[in-house]
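First the structure, in the form of structure tokens, and then the observations on it.
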Amino acid sequence: MRAFEGGGAQRDMILLCNALAAKGIDVRILTLRDEGPLRPLLDPVVRVAEIPGRQLRYAVPGLRRAIRALAPDLVVSSEASLNLCTLLAVRSLSRRHRPKLVLREVGSPSIAQYCDPYRQNRIAYRILRRLYRHADRIVTLTDGARRDLAGNFSVPETMIAVMRANAVIPPTMVKRLAQWDGESGRERDLIVCVGRLSPEKDHRTLLRALSLLPAACRWRLAVVGDGPERAALEDFARRSGLAGRTIFTGEVADPFAWMMRARLAVCSSLYEGLGNAIIEALACGTPVISTDCPYGPREILQGGRFGTLVPVGDAAAMAAAIDAALERIPDRRLLMTRGLEYAAAAAAERFLEIVAELDPPPRGAGHPRAVAAAS
């Protein structure tokens, strides 16, 4: 883990570690910097060790030494560049000292190898095309990513397991939602879009869609998140005449607070590893409109049962879907039930089922059961 910062892939890894620790698993997180805005999410029972180097390019020797010293049963990594480093570190250990290795594929690999916003991930994907099969198990978040790895990355299907229940909703949020009526605090005209402000999220299509809505349609947009596209998007909103009804919140510690206020949540992405913001919205009983992009939205929304899918990049179709959704009365309990299927505790159960298939079985007390090197 470079540091405790990032988006959904980083947040869900922390929540998974917390949920595993709550089940009595000894989990350590290895990181380049023990700092960042996501640090408060980590349960204090999960210990953290810093790897020397502070940059990923220098991390492999220190990572190898740390794994050798901790002697875990299992090492888990997430994100392409970290997967490559962790694979090199683990596979360079002797068989006697080599733990089992699980790599989480949190993206849409065939697309991400060309479009990932981080250059080091794009490079790593091209190397992993030949090396992924040397892990003990690849865990994907969607069936689409499973098919992608099998068809395009030479990974045997028997090596791939699909999580199906990602760690998106923490226990504190489950309790908070259970005590809420689903309506208090709602703002009738508020549309929310949560995510990193980068090209793959295609916020411009959402802004264009809003500019196509009928003049009588009441709406306000909150763009929740930050990233390299922010200044350009703010300028685009001004030039499109949307600035008076659009706010850019920057990074927020609690995206659920916005989802609980919203009338509607929109995802305009070109591709998604899963789509944690969609799950967060559903858990709050907030209707979702999403592009039908690879691979997560269709699987989360079950082909349209739990939300509206529109073609990627089609502003007119998105505008029509938004206009209709603002007039529709949602079945909030149905949406919330679907979203809560992605609770962290359920993800930990599924992850342990996957791990149980690996040999040898976990050792006794005194050994860390898992080391997480997250993105």
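The values are calculated or read from the model by the stated rules, or taken from the named source; none is laboratory data. Not measured: the values here are computed from a predicted model. Here Cβ is always computed from backbone atoms with ideal geometry, including for glycine, and neighbour counts include all displayed protein chains.
Tabulated data for the structure shown
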read-out	value
Residue check, residue 135 in contact with a Ser or Thr (Cβ under 6 Å, 6 or more places away or on another chain), more than 20 Å from residue 275 (Cβ to Cβ) and crowded, with 16+ Cβ neighbours inside 10 Å	no
Output for segment 274-294, where each listed residue is small (Gly, Ala, Ser), in contact with a strand residue (DSSP E or B) (Cβ under 8 Å, 6 or more places away or on another chain) and part of a loop (DSSP other than H, G, I, E, B)	275
Number of the exception - residue 251 against (1) within 26 Å of residue 78 (Cβ to Cβ); (2) touching a helix residue (DSSP H, G or I) at 6+ places or on another chain (Cβ under 9 Å); (3) surrounded by fewer than 24 Cβ atoms within 10 Å (Cβ to Cβ)	(2)
Options 87, 30; residue that is among the hydrophobic types (A, V, I, L, M, F, W, C) and out of contact with any His (no Cβ under 9 Å at 6 or more places or on another chain)	30
Single match in 303, 313, 307 (criterion: small (Gly, Ala, Ser) and buried (at least 23 other Cβ atoms within 10 Å of the Cβ))	307
Options 104, 47: the member that is of a type in the set (D, E, K, R), crowded, with 20+ Cβ neighbours inside 10 Å and touching a strand residue (DSSP E or B) at 6+ places or on another chain (Cβ under 7 Å)	104
Scan of segment 15-33 for residues that are farther than 18 Å from residue 72 by Cβ and modelled with pLDDT of 95 or more, ordered by number	15, 22
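For (1) surrounded by fewer than 16 Cβ atoms within 10 Å (Cβ to Cβ); (2) over 25 Å from residue 352 (Cα atoms); (3) in contact with a His (Cβ under 7 Å, 6 or more places away or on another chain), each residue gets a yes or a no:
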site: 152; (1), (2), (3): yes, yes, no
site: 156; (1), (2), (3): yes, no, no
site: 183; (1), (2), (3): yes, yes, no
site: 209; (1), (2), (3): no, yes, no
site: 219; (1), (2), (3): no, yes, no
site: 222; (1), (2), (3): no, yes, no
site: 225; (1), (2), (3): no, yes, no
